[in-house]
Every structure is written in structure tokens, then in C-alpha cells.
Amino acid sequence: MHMKRAVPVVVGAALITLPWWARDMYQLHLAQLIGAYWVLIAGLNLVVGFSGQLSVGHVGLLAIGAYAFAIITGTQGLHPAVGVACAGGIGALCGLLLGLPSLRLPGFYFAMATLAFALIVSEIILAQGALTGGGVGLPVPGFPAPFDTPQGTYWLILIVGGLITWLTWNVARFMWGRGLIAIRDSVVTAEAVGIPVFRAKLTVFVFSGLTAGVAGALFGSIQSYVTPDTFIFELGLFFFVCIVIGGRGSIVGPFIGTAVLTALPELVAPLAKLGNFFYGLLLLVVVLVVPEGIGRLIEVLLERIRPRKIGSTAIEPDLERLAAAIRRGRA
Amino acid sequence: MLIALVSGLAAGALYAAAALVYNVMFSTSKVLSVTTGHTSMLGGVFGAWFLSTWNLPILVALLGSVLIGAVFGFVTDLVAIRRVLSRTDEHLWLLSTLALATMVQQAVALWWGTEPKPFPRLIPQSFSAGVVDQKYWLPVVVALLMALGLDVFYRRTLYGKLFVAMSEDIFAARARGIPTDRIRALSYVLSGAMGGLAGFAAGQLTFAYFALGLTLTLNGFIALAVGGLGSNVGALVGGAALGILSSIATYYVGGEYQQTISVGLLMLVLLLKPEGLFGSRNVRPV
């Protein structure tokens, strides 16, 4: 039991103190990027990993969040806190608008609808040049006083990421999470036991839209400039791959997936050249070899190294209690 | 206006061809593969490569493109479909074909470059031919020929009948001694060859461009869903409707909202007639 308590504490402490032990600004930037991606992926994980809806188009929602933040904070000059809130709100609204028709569709139709959504968003961003700067793009302002340094921005992202992880953890552990997993594994069974399938799917989808909007605000602010080319479809595929590789129905797995997949091509130069080819290959290998994801693989390995003790308790009748119960029944 | 209509019809023919490719794969495996558009992309890119870099005769280049498509179809079945279908999780084939499609697209981008490259003329013709330019009528003719050929294939040949049998009931087909794995591989080879042929024929319209695959996967799917899954007539009608609608919209509104309009068409059809114009409503046993 000691190990189980210690690991989150150590990881948490390491994450909080990261700005002091990161070797250079680039690594800190990478950590910020992982954090911003994770804010989106944590929400998307409920949609993809738990309820099994294969959304490949969340990059569209990320773009909407980033542009909303850039326009509200940069062009309109409102406070960044308002900008983040609006980005989240607009993300959730767009999630609702996308989810209402498309969540009724079966698997492949849904994936195609979200893919089309991502393409439509970049089309509209290009077309509405007066608002979004068209192909030239928009500068995105940073955050005010305590968060204006790279370290400060990192901590802000850490706070938001921690909050959203906590929210999704609460959703996943209890009734909702069980319901979503039931929807993923068998819609018919889920309906039969009284889970409101469409409402549950729509609710987590809107929530994922909110986190995608907030992630867009953070992401845009880290990049400090957004163009339509930032939000290519392959980025949406990347989010999706992180979850599938990390393991469906888990929270730790996708987080590790996000961190590793973001950092790996940046730190290993040959992989950066291969880029999305590498992600495709990784996805294919995972789907063919360990469809449950790497998180599940680690669990299996741990079980093999340190098997769970299965207690062998002999079942003996407690004669005294039985006698007492019978006596009480007679009286 | 006329030129907009004709170019829309040509693009629509390419979408219809992609929808036919979907149909052939779907008939034996009940899988809608993300790699559909990428077979045509390979046909176009390799066609341009054979013709302009290697200076091969047109017929040889055509056969080469078709062969590349067929090989890719076979690889799709081998890598992304066979193992996944034997495990019966309904979402996994989407992931595996998506992964394969991404790999092919990126590999072509690394090798061929990310710029669209021109596709040589197939038939000597002046570039000022206008409406009767070969780049417009070639895809239409090929799509029609493919639909006709499929019809003859399904009605007249033994293998065609095996395809139909598998699409009706795969368990019954297996019980009657049909080697379902081999027939499915054959259907993927056939669909890949069709995709390669369509990509070759439409090469002058689309250019040899690595990112064509994903758009074609999406637009072919829209054509398929509008026309009705499993119906070849529906694929032709859906493709033509989609192509003409989006080119008319481009003519009147401008090119910025092309994708939005085609998805709007899809949503409208799914709302009014979820099984598509020519599809059959299937009742799912529970």
C-alpha cells in the first residue's frame, strides 16, 4: 500500500518543481505543450477511451478555442481570464452543436462526421479573414502578472490540467464512468439496464468540447501565434493515438501516452522527420498487438512480476453466532 | 456555368468511383476502410511517376497503377483487416485502416513531396478544348465502366456470386464451403485495382497529390452515404449529386465553403432518409 501512496506524491512534487530542474527553456516549453495537450486529451479520453466514440476531429475544437481566446483577449482586449472562460464556453457550445447530430451515428459515420468537422473549421477560419486573419493568422497574447513568465505559464497549465484530471477521475470512478464503459462495450446492454445512452454520450462530448476550448486557449498562448496550418488534421489524429496507445478506460495510460508521444519526436531527431508516419506505425502496432493499450500491457507485466496474493481463507461455520441467532429467533 | 457543371460532374465521378471501392470492400467484410481514397491517390501519384519520370507507354503506366492499387488493397486486407476481424471488435478496423492510411499518406509525402505535381496528357488534345477536355470525361467514363463491370461481375460470374453470398450472410457462406478469407482478400485486391484505375483516370483533374487520399475518403463516403450503402447505382447518383452541388455552390458562393456544403448535403440526407437514396433499411438483430 505504501507504493500506491508514494507514487502520486512523488510525481506531483516532480511536476510542481519542474521549472527548477528542467535543463533549459525548451524542455519547459515542451512540458507546457504536454500540459496543454493533456487538458484536451483528458476530456477526449472520456469520449474515446470510456464511451468508445471515435472522435478524430477534436483538433477543430482546439482551433476554435485558440481563435476564440486570440480574438477575445487580443483583438477585443478583454481580460485573459474572460478569454479562457469564453474559449471553454464556445468549445462546449460547438461540442454540443457537433454532438447533437453526429453522436446518433454509428462508429464509422461518427468518425467521418468529426473528420469533416475538423476540415470545416479550418475552411471557415480561412474564409473569415476579417475575424481570424485568414491564412496569415493571429497573434495570441500571454497571461497577466503571476503567470506571465514561462514558469508562471507552466504552473497555470499545471493547475488547469490538475483540475481537469481530477474532474475526469471523478467522472471515471463512479456511476458515470461505469455507464460510459457499458456504452462502449455494448450499447444494447447499456440501454437495457437503463443508461440514458445518448444523453450520457452527449454530456461527456460537451465536456470534452469545454476542455478542448480551454486547451486551445492555453495552446494558443504557448505558441503566441496561430495560423490555420497549426491545426492540421494530423494533430487531431495525434490526440487520438495518444489515447489508444495509452489504453482505453484508463487515465494514467493516456497521460503517459501524451507525455511520451509529445516528447519523443522532439528529443529523438530522426523521429521528427518521420513525424506522422511514426504515429501511424505506432497506432497500427498497438492495434494489432495490444489493442487494450500499453497501460494494460504494463498492468499485465506487473501482475507477472508481483502476483497479487489471493488469500485462501477456509470457510468455517461460526457455530456460536448461529446458535445465538437461533436462540434469538425462538425467543 | 457549363464548365462548372462539367468539372463538378468529373469530380463527382471520382467520388462515385471511391464509393464503388467502398462498396466492394464492404460487400465481403462489412468494413468501411479509411484507405479507400488512398488507393486512388496511389494510382494518381504512381501514374504520374511512371509517365513523367520513367517515360513509360500509357498502357504500361496504366497497368502499373492498377497493379500498385491492387497490391495496396491486398496489403490492407493482410495487415489491417484479417487479424482485426478475427477478433470481432467493431471499432478496431477503423483504427487499423486509419493507421495504415496515415502511414501511406506520410510515406508518399516523404518520397513524392507535398506539392501537387502535374499529370501528363493521356490522349493528344489541345489544352483549349474546354468542356470536352479529356480530364473531364475520362473519370466519368471510367466510373460508369466500373459500375457496369461490377454489375456484370456480380450477376454473371461465380466469384461475383460469392461476393454477393458473403455480403448477404457470411456465416451461411462459410457453412456452404466458401473460403471467406480468400474471397475477402480477392475483394480487397479488386477494390484496390479499381481505386488505382480511378486515380489514374482522374490524375489530370486532381494532380498527383499526396493529400488527395483523405479528402477522397471523406467525399467518397459522403457520396456513398447519400446514395445508400451497398448500392452501386446509389454510389453513382450520390457522387454525381455531390460533385455537381459543390461545384455549383463554388460557382455562386465561392470556393471557401466547399467542404461545409458537402457535409451539409450528407447531414440533410441522413436526417431525411438515413439509409440513403438507394439503400436498403437493414434491421439489426439484437
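The values are calculated or read from the model by the stated rules, or taken from the named source; none is laboratory data. Nothing here was measured: the structure is a model prediction, and the numbers come from that model. Neighbour counts run over all protein chains shown; Cβ positions are idealised from the backbone, glycine included.
So, in region A:105-149, exactly how many residues are of a type in the set (D, E, K, R) and surrounded by 15 or more Cβ atoms within 10 Å (Cβ to Cβ)?
Of the residues in region A:105-149, 1 are of a type in the set (D, E, K, R) and surrounded by 15 or more Cβ atoms within 10 Å (Cβ to Cβ).
Hey, does region A:36-45 have a residue that's touching a residue at least 24 places away in the same chain (Cβ under 8 Å), crowded, with 24+ Cβ neighbours inside 10 Å and not in a helix (DSSP H, G or I)?
No, the conditions are met nowhere in region A:36-45.
Away from every other protein chain (no Cβ under 14 Å), β-branched (V, I, T) and within 17 Å of the chain's Cα centre (by Cα), is that true of A:T153?
Numbers: away from every other protein chain (no Cβ under 14 Å): yes; β-branched (V, I, T): yes; within 17 Å of the chain's Cα centre (by Cα): no.
For A:T153, the condition - away from every other protein chain (no Cβ under 14 Å), β-branched (V, I, T) and within 17 Å of the chain's Cα centre (by Cα) - is not met.
Could you give me the residue pairs with C-beta distances under 7 Å whose first residue belongs to region B:89-109 and is more than 7 Å from chain A (Cβ to nearest Cβ) and under 11 Å from B:V79 (Cβ atoms), whose second residue is β-branched (V, I, T) and assigned to a helix (DSSP H, G or I) wherever it lies, and which are 6+ apart or on separate chains?
B:T97/B:T76
Residues checked against (1) closer than 15 Å to B:G228 by Cα; (2) under 10 Å from the mean Cα position of the chain (by Cα); (3) of a type outside the set (F, W, Y):
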{"residue": "B:V6", "(1), (2), (3)": "no, no, yes"}
{"residue": "B:A18", "(1), (2), (3)": "yes, yes, yes"}
{"residue": "B:Y22", "(1), (2), (3)": "yes, yes, no"}
{"residue": "B:K30", "(1), (2), (3)": "yes, no, yes"}
{"residue": "B:T36", "(1), (2), (3)": "no, yes, yes"}
{"residue": "B:L42", "(1), (2), (3)": "no, no, yes"}
{"residue": "B:W49", "(1), (2), (3)": "no, no, no"}
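Taking the condition at pLDDT 95 or above and closer than 14 Å to B:V189 by Cα, does B:I81 pass? Spell out the reasoning first.
Working: at pLDDT 95 or above: no; closer than 14 Å to B:V189 by Cα: yes.
No; evaluated as a whole, the condition is false for this residue.
What are the residues in region A:159-176 that are under 16 Å from A:G253 (Cα atoms) and either surrounded by fewer than 19 Cβ atoms within 10 Å (Cβ to Cβ) or in contact with a Phe, Trp or Tyr (Cβ under 7 Å, 6 or more places away or on another chain) (or both), if any?
Result: A:G161, A:G162, A:T165, A:W166, A:W169, A:A172, A:R173.
Could you list all residues from region B:252-276 that are away from chain A (no Cβ under 11 Å) and surrounded by fewer than 16 Cβ atoms within 10 Å (Cβ to Cβ)?
Matches in region B:252-276: B:Y252, B:L272, B:K273.
Among B:A241, B:A249, B:A201, B:A185, which is the only one that is surrounded by 24 or more Cβ atoms within 10 Å (Cβ to Cβ), out of contact with any strand residue (DSSP E or B) (no Cβ under 6 Å at 6 or more places or on another chain) and either among the hydrophobic types (A, V, I, L, M, F, W, C) or more than 14 Å from chain A (Cβ to nearest Cβ) (or both)? Please lay out each step first, then the result.
On the way: B:A241 fails: surrounded by 24 or more Cβ atoms within 10 Å (Cβ to Cβ); B:A249 fails: surrounded by 24 or more Cβ atoms within 10 Å (Cβ to Cβ); B:A185 fails: surrounded by 24 or more Cβ atoms within 10 Å (Cβ to Cβ).
When all the criteria are applied, what remains is B:A201.
Among helices (runs of 4 or more DSSP H) lying entirely in region B:186-286, which contain 2 or more residues that are aromatic (F, W, Y)? Before the answer, list the steps.
Working: elements: B:203-206, B:212-227, B:232-253, B:258-272.
It comes to B:232-253.
Show the residue pairs that are 6+ apart or on different chains and have beta-carbon atoms under 6 Å apart, the first residue being within region B:210-229 and over 19 Å from B:L110 (Cβ atoms), the second being assigned to a loop (DSSP other than H, G, I, E, B) and at pLDDT 90 or above.
B:T217/B:V34
Are any residues in region A:16-35 part of a helix (DSSP H, G or I) and over 13 Å from A:Q151 (Cβ atoms), and if so, which ones? Write out each step before concluding.
First, the residues of region A:16-35 that are part of a helix (DSSP H, G or I): A:16, A:18-21, A:25-35.
A:Y26, A:L30, A:L33, A:I34 - these are the residues of region A:16-35 that are part of a helix (DSSP H, G or I) and over 13 Å from A:Q151 (Cβ atoms).
Give the residues of region A:46-73 that are within 14 Å of chain B (Cβ to nearest Cβ), part of a helix (DSSP H, G or I) and of a type in the set (V, I, T), sorted by residue number.
A:V47, A:V48, A:V59
Taking region A:268-299 on its own, how many of its residues are β-branched (V, I, T), surrounded by 11 or more Cβ atoms within 10 Å (Cβ to Cβ) and part of a helix (DSSP H, G or I)?
So the count comes out to 5.
Read through the list (1) surrounded by 15 or more Cβ atoms within 10 Å (Cβ to Cβ); (2) closer than 17 Å to A:L237 by Cβ, then give the number of the only condition that B:T114 fails.
Failed condition: (1).
Within region B:134-169, count every residue that is of a type outside the set (A, V, I, L, M, F, W, C), in contact (Cβ under 8 Å) with a residue 12 or more places away in the chain and either over 29 Å from B:A185 (Cβ atoms) or exposed (fewer than 11 other Cβ atoms within 10 Å of the Cβ) (or both).
So in region B:134-169, the residues of a type outside the set (A, V, I, L, M, F, W, C) come out as B:134-136, B:139, B:149, B:151, B:154-157, B:159-161, B:167-169.
With the extra rule that they be in contact (Cβ under 8 Å) with a residue 12 or more places away in the chain, the set shrinks to B:134-136, B:139, B:151, B:159, B:167.
Right, trim to either over 29 Å from B:A185 (Cβ atoms) or exposed (fewer than 11 other Cβ atoms within 10 Å of the Cβ) (or both) and you get B:134-136.
Total satisfying the criteria: 3.
Can you tell me which residue within region A:104-137, out of those that are modelled with pLDDT of 90 or more and more than 9 Å from chain B (Cβ to nearest Cβ), is farthest from A:F233 (Cα to Cα)?
A:F110
Given the options A:A182, A:A217, name the one that is more than 13 Å from the chain's Cα centre (by Cα), part of a helix (DSSP H, G or I) and either under 25 Å from B:H91 (Cβ atoms) or among the hydroxyl-bearing types (S, T, Y) (or both). Write out each step before concluding.
Working: A:A217 fails: either under 25 Å from B:H91 (Cβ atoms) or among the hydroxyl-bearing types (S, T, Y) (or both).
Checking each option against the conditions leaves just A:A182.
Restricting to helices (runs of 4 or more DSSP H) lying wholly in region B:1-102: which have 3 or more residues that are over 27 Å from A:N276 (Cα atoms)? Please lay out each step first, then the result.
Details: elements: B:2-29, B:36-48, B:58-75, B:82-85.
Where helices (runs of 4 or more DSSP H) fall fully within region B:1-102 and carry at least 3 residues being over 27 Å from A:N276 (Cα atoms), they are B:2-29, B:58-75.
Is it true that B:L78 is aliphatic (A, V, I, L, M), under 30 Å from A:S186 (Cβ atoms), surrounded by 24 or more Cβ atoms within 10 Å (Cβ to Cβ) and touching a residue at least 60 places away in the same chain (Cβ under 8 Å)?
Values: aliphatic (A, V, I, L, M): yes; under 30 Å from A:S186 (Cβ atoms): yes; surrounded by 24 or more Cβ atoms within 10 Å (Cβ to Cβ): no; touching a residue at least 60 places away in the same chain (Cβ under 8 Å): yes.
Considered against the rule, which asks whether it is aliphatic (A, V, I, L, M), under 30 Å from A:S186 (Cβ atoms), surrounded by 24 or more Cβ atoms within 10 Å (Cβ to Cβ) and touching a residue at least 60 places away in the same chain (Cβ under 8 Å), B:L78 comes out as no.
Tally up the residues in region B:66-88 that are closer than 18 Å to B:S40 by Cβ, more than 10 Å from chain A (Cβ to nearest Cβ) and among the aliphatic types (A, V, I, L, M), please. If you could, list the steps in order and put the result at the bottom.
Taking region B:66-88 and keeping what is closer than 18 Å to B:S40 by Cβ, we get B:66-77, B:80.
Within this subset, residues satisfying the condition of being more than 10 Å from chain A (Cβ to nearest Cβ) are B:66-77.
Of the ones still in play, those that are also among the aliphatic types (A, V, I, L, M) are B:66-68, B:70-71, B:75.
Residues meeting the conditions: 6.
Between A:I164, A:I120, which is over 30 Å from B:L224 (Cβ atoms) and part of a helix (DSSP H, G or I)? First the steps, then the outcome.
On the way: A:I120 fails: over 30 Å from B:L224 (Cβ atoms).
Selected residue: A:I164, the only one of A:I164, A:I120 that is over 30 Å from B:L224 (Cβ atoms) and part of a helix (DSSP H, G or I).
Only residues that are closer than 16 Å to B:L51 by Cα and more than 11 Å from the chain's Cα centre (by Cα): list them for region B:184-204, please.
B:F200, B:A201, B:A202, B:G203, B:Q204
Report, by residue number, each residue of region A:249-293 that is at the interface with chain B (Cβ under 8 Å from one of its Cβ atoms) and of a type in the set (D, E).
none
Is region B:1-9 home to any residue that is modelled with pLDDT under 95, of a type outside the set (A, V, I, L, M, F, W, C), on the phi < 0 side of the Ramachandran plot and in contact with a Pro (Cβ under 6 Å, 6 or more places away or on another chain)?
For region B:1-9, residues modelled with pLDDT under 95, of a type outside the set (A, V, I, L, M, F, W, C), on the phi < 0 side of the Ramachandran plot and in contact with a Pro (Cβ under 6 Å, 6 or more places away or on another chain): absent.
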